[in-house]
Amino acid sequence: MSLLDKLFPKKPAEEWECPELQYGFTVCHHAGALRQKPNSLEGVSYSIYHGAKCIELDVSFRPDGTPVIIHNSEPTMKQGESLDMAFKIIAGSRKCKINLDLKSTKNLPAIDEMIHEYNLKERAFYTGVGEDWIDRVKSTSAVPFYLNHEITEEEAKDRDIGKALVERVKALGAIGVNTPYGHCSKQLCDMMHRRDLYVSVWTVNRIDQTKELLGYGVDNITSMKPDILEKLIFGDDEYANISVFRDENYDD
C-alpha cells in the first residue's frame, strides 16, 4: 500500500458511516480554531482534547533552521512555538491528521526527521505550496502536498478549462488542490476524484457554505469553528437548520 493510500484510504461507500460524504472526509481545525491563540501549543492541545481529526499548523523556520509554528515566513530566533512539541502532542491522538501550511521551505528535511521520529508519516501533508515551490518541496521532502490554487469561476464551470486544471495538478505530482471555497463546484470535484485527486477548501465558517460544499463532494473543510460544522455534518439536530453562524450559537 502506498503512502498516499495510507494517508487517504479508499473504502466502499457502504462501509463508510457517512455514505453521503467522501470517504475519509475531515473537518480540519484552523490554526486559530475554537477561539484559541493561533499557532500555539495550547491551541493544539485544545483541539486534540476536543477530538480533532485534522489540525492545521502554519509552519516556518527560525534563522537557524528550527521549525516553528507561526504565520510568518521569516520569524526571529525568539518567535514561534516548537513544531517538535506540537508533533509530540498530536502523536498522542493516534489518528489526527496534520495539515502543515508552509510559510517557508527553508529546512524541510528537518520536518521529515520529526515526522519520522513521531511516526507521523501516514498522517502529515503539506498545503501552502504554490507552483513556484513545488520543485523544492519534491526535492527536499517526502511529505505529500496539495497545490495551493484559487479556483477560478471558469475552472469551476467550464469542463475543458476544469479538465486542464485537473491534469496540471496531476502532472505536478500534487495529491489535490487546496483552495479558498469561493469558486468550487461539483463538476470540478468529480473530475478531480476521477483522477484520484482531492479537494480541500478553506476557510469555511458558515453552515450554508458548508452545506453547499458537502453537496459538491469536497474531501476536507478547514474551519475556525469546526465544532459547530461537525455537529451539523455528523448529525446533531440542534444545528441542522442554522444557515449562518450567530454569536449565540458560539458562546464560550
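Some observations on this one:
- Spacing of the modelled spin labels on Ile134 and Ser73, each 7 Å from Cα toward Cβ, amounts to 1.9 nm.
- Annotation: amide H of Val68 within the under-5 Å range of Ser60, Phe61, Arg62, Leu83, sequence separation 5 or more or interchain, hydrogens built in the peptide plane.
- Extension gain from Glu42 to Glu167, taking 0.36 nm per residue of separation minus the Cα-Cα distance: 41.0 nm
- Amide proton proximity set for Cys54, modelled H, under 5 Å, gap of 5+: His29, Lys97
- Three-way shape label, segment 59-166, alpha-carbon gyration tensor, a/c 1.5: prolate
- Here the label points at His183 and Lys88, each 7 Å from Cα along the C-beta direction, are separated by 4.5 nm in the simple model.
- Over 23 Å between alpha carbons, listed pairs Lys170/Lys231; Lys37/Lys211; Lys78/Lys106; Lys53/Lys121; Lys121/Lys225: Lys170/Lys231; Lys37/Lys211; Lys121/Lys225
Rule-based calculations on the coordinates, nothing more; no lab input. Owing to the predicted nature of the structure, the values given are computational and were not obtained by experimental measurement. Neighbour counts run over all protein chains shown; Cβ positions are idealised from the backbone, glycine included.
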